[in-house]
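Below is one structure, written out as structure tokens, with a few remarks after it.
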Amino acid sequence: MKYQFDTPYGPMAVESSDGAIIRLHFPDYIPDDFVSDSHPDALMQQTRDEVVAYLNKEIRAFSVPIDAQGTAFMQQAWQMLCDIPYGEVMSYGEVAKAMGCPGGARAVGMACRNNPIPLIIPCHRVLSQDGKLTGFFGGGLTLKQRLLDLERGDYRQGQGELF
């Protein structure tokens, strides 16, 4: 199922299969050929509600079931990203080390780049070793900074666009 919905910051889109979210698209990154189903199921409605609540700072974590497809390493990295607390960050190297793979920073970066469910799998919480913004397939570095600001409480709703 595919569903496009409005958020306080613009349209987003989500895809599901077999009762789990498999892809999330940010505004300006929704594929041109994306066609939303006209009657969203309960999972799509729950996802919409949770994304909107997150962007409104009403929740800090997601409970929708997800099924991100990738290698075993990617799966492990994505799980590690989900364990990074709201408002906190880790470096790619720190994530790799926590996974038991010191020296695997580039591989963690590749897992972030291939994350099909950004925001729910919070790859925006991963920075370079020196604390600089890098990467972020889900919507660009400006969006990454804005999401970090939102989580840290530095972003005031109503003052510009998040996306």
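The values are calculated or read from the model by the stated rules, or taken from the named source; none is laboratory data. It should be emphasised that the depicted structure is a prediction, and the values quoted were computed from it without experimental measurement. Virtual Cβ from ideal backbone geometry, glycine too; neighbours counted across all protein chains shown.
Quick notes on this one:
- Scanning region 81-92 for residues that are over 10 Å from Val126 (Cβ atoms) and crowded, with 19+ Cβ neighbours inside 10 Å yields a count of 0.
- Residue match in region 91-106 (condition: under 21 Å from Ile22 (Cα atoms) and free of Cβ contacts under 8 Å to residues at least 12 places away in the same chain): no
- Within the set Pro65, Pro8, the sole residue that is over 25 Å from Thr134 (Cα atoms), in contact with a helix residue (DSSP H, G or I) (Cβ under 8 Å, 6 or more places away or on another chain) and touching a residue at least 60 places away in the same chain (Cβ under 8 Å) turns out to be Pro8.
- Of the residues making up region 58-80, those that are among the charged types (D, E, K, R) and surrounded by 13 or more Cβ atoms within 10 Å (Cβ to Cβ) number 1.
- The criterion of at least 1 residues that are aromatic (Phe, Trp, Tyr) and closer than 21 Å to Leu150 by Cα is met, among strands (runs of 3 or more DSSP E) falling completely within region 1-116, by 2-7.
- Answer residue from region 117-143, given it is assigned to a helix (DSSP H, G or I) and free of Cβ contacts under 8 Å to residues at least 60 places away in the same chain and is nearest to Phe73 (Cα to Cα) among those: Cys123
- From the list Met44, Met1, the lone residue that is crowded, with 18+ Cβ neighbours inside 10 Å and at pLDDT 95 or above is Met44.
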